[in-house]
Amino acid sequence: MAIRVAVGQFHELTEEKLRFAAQIGVKGIQMNNPTLPGDTRWEEADVRALVERVEAHGLVFEAIENVPTHFYHKVMLGLPGRDEQIENYCHTIRAVGRAGVPILGYHFMPNSVWRTEKLAPTRGGAGATQFDQAVVDAASHDPDALRRFMPTTLGHAFSMPVHAKGGAVISEDEMWSNYKYFIDAVLPVAEEEGVMLALHPDDPPTPSLGGVARLFYRPWGFYNAFELAKGSKAWGLDLCLGCCSEMPGGRDNVHELIEFFAPKGRIAYIHFRDVQGTVPNFTECFIGDGNFDPAEVMVQLARTGFDGFLLDDHVPKMDGDSDWNHRGRSHAVGYLQGLIRMGEFMASAR
Ligand SMILES: [Mn+2]
């Protein structure tokens, strides 16, 4: 399939979202952590109901991104009970695949995404999220203060490991061994079901947060994970250009990772967003205002054979915007559609 845009990053499939997709001219729907029955796993019939609703609107269900973190936090942290969680994760993979969803996105961040500001000013006074390691370091003696940098939706289902400075630490080696244990168990099931498990980078891409090491904070992490997957067709990336751009090196990581993984067919889909600055301090921004040139990236994606979908991921909150940032998302989607159309035109004019 050709490069295309989807809308998503919502938990509830509403009539309004489906109509928004149709009106903005997008065929594909993605959902992040859809609200479904089940405290430990999902069932095929529940996922199928979502797919059928999307298809009834003439749209395509492209992917599900993320199960609830408490479905596999013991797996990520290497805690007792991880085998039971893995068994349930495999059940969910089967449910997703048999319901007709070809991609299940995941991350390997038990501490999830951290931001030190939610509405830092960006272009024209729009609000963007920001991460500043200095702010985290200044609070590093106080686990409760650190928790404020984590999403408010997390932490209810289990006790999140947040260690103050000098507290217990989960090392990168331990996290790699937990990751290997996970993919060794789930990739064969995903392969059987024709589901690609799409790995999202760490956000923010720092070596450790709250005493828990991270793995996917530099390009090397992806190359290592690719090796560990031993050629499994079910291993792929949800390549978040925003996170790659947040890594030291900025835009170079974006181009390097696309160049390596796109020709191998390992990029399931793209989070097409950008930031200004890199760790230890960055702020999200509108597409075109950030570290990389969106046109250069789009040309590279087409040249390297990427054929998945693009998603705006997160966008700045404009004046009068909704919780889901309809205005900010409309800008991003339209920008991407324009780049794609120009690419098609240039290819046919050649
Ligand atoms: Mn992302």
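A cut-off of 5 Å between modelled amide H atoms, ignoring neighbours fewer than 5 places along the same chain, links Val5 with Lys27, Leu310. Across region 237-260, the residues whose backbone nitrogen lies under 13 Å from the label position 7 Å along the beta-carbon direction of Glu172 are 248.
Multiplying each eigenvalue of the alpha-carbon gyration tensor of region 213-350 by 5 and taking the square root yields semi-axes of 24, 21, 14 Å, largest first, rounded to whole angstroms. The slack in the chain from Asp144 to Asn224, taken as 0.36 nm per residue of separation less the alpha-carbon distance, amounts to 25.4 nm. Rounded to the nearest whole Hz, the Karplus-based 3J(HN,Hα) values (6.51 cos²θ - 1.76 cosθ + 1.60, θ = phi - 60°) of region 105-117 follow the sequence x, 8, 10, 10, 10, x, 8, 6, 8, 10, 9, 9, 9, with x at glycine and proline.
Rounded to the nearest 500, what is the chain's calculated 222 nm mean residue ellipticity when only DSSP H runs of at least 4 contribute -39500 (n - 2.57) each, over all residues? Here the helix-only value at 222 nm equals -12000 deg cm²/dmol. What would the Debye formula give as log10 I(q)/I(0) at q = 0.11, 0.26 Å⁻¹ for the alpha-carbon point model of region 1-73, no solvent? Each listed q corresponds, in turn, to -0.28, -1.24.
The H on the amide N of Tyr106, modeled in the peptide plane, is under 5 Å from the matching H of Asn66, Ala198, Leu199, His200, each at least 5 residues off or on a different chain. Taking a ≥ b ≥ c as the square roots of the eigenvalues of the Cα gyration tensor of region 23-164, is the shape rounded (a/c under 1.5), prolate (a/b larger than b/c) or oblate? Oblate shape, in that a/c is at least 1.5 and b/c is the bigger or equal ratio.
Residues in region 263-312 average 31 Å² of solvent-accessible surface per residue, probe 1.4 Å, ligands and nucleic acids excluded. Isolated cysteines of the chain, defined as having no other cysteine beta carbon under 4.7 Å away, are Cys90, Cys244, Cys285. Measuring only protein heavy atoms, the 1.4 Å probe finds His326 accessible over about 40 Å².
Across region 214-228, computed HN-Hα scalar couplings (Karplus, 6.51 cos²θ - 1.76 cosθ + 1.60, θ = phi - 60°) run 10, 10, 10, 10, 7, x, 3, x, 6, 5, 5, 5, 4, 4, 4 Hz from first to last residue, x flagging Gly and Pro. Applying 1/(1 + (r/R0)^6) with r as the Cβ-Cβ distance of Phe260 and Glu192 and R0 = 35 angstrom yields a FRET efficiency of 0.85.
Antiparallel beta bridges, as assigned by DSSP with both residues in the chain, represent about 35 percent of the total such bridges. Using Cα centres only, tell me the gap between region 52-69 and region 11-27 in whole Å. The distance from the Cα centre of region 52-69 to that of region 11-27 comes to 11 Å. From the square roots a ≥ b ≥ c of the eigenvalues of the alpha-carbon gyration tensor of the chain, which class results: rounded (a/c under 1.5), prolate (a/b over b/c), or oblate? Cα axes put the chain in the rounded bin. Antiparallel beta bridges, as assigned by DSSP with both residues in region 188-273, represent about 20 percent of the total such bridges. Shown in residue order for region 175-182 are the 3J(HN,Hα) couplings computed by the Karplus curve 6.51 cos²θ - 1.76 cosθ + 1.60 at θ = phi - 60°: 5, 5, 5, 5, 5, 5, 4, 5 Hz (x for Gly and Pro). Each Lys and Arg adds +1 at its Cβ and each Asp and Glu adds -1 at its Cβ; summed about the Cα centre, the chain shows a dipole of about 460 debye. Across the options Leu50, Ile64, Gly28, the greatest Cα extent toward the positive end of the charge dipole of region 4-67 (unit charges at beta carbon of Lys, Arg, Asp, Glu) belongs to Gly28. Defining a contact as two alpha carbons under 8 Å apart and six or more residues distant in sequence, what relative contact order in percent does region 3-118 show? Computed value for region 3-118: 26 percent relative contact order.
The values are calculated or read from the model by the stated rules, or taken from the named source; none is laboratory data. For clarity, every value in this text was computed on a predicted model and none was experimentally measured. Methodologically, a virtual Cβ is constructed for each residue, glycine included, from the backbone with ideal geometry; neighbour enumeration extends over all protein chains shown. Each accessible area value is taken on the protein alone, full model and side chains, heavy atoms only, with ligands, DNA and RNA left out. Shrake-Rupley method; radii C 1.70, N 1.55, O 1.52, S 1.80 Å.
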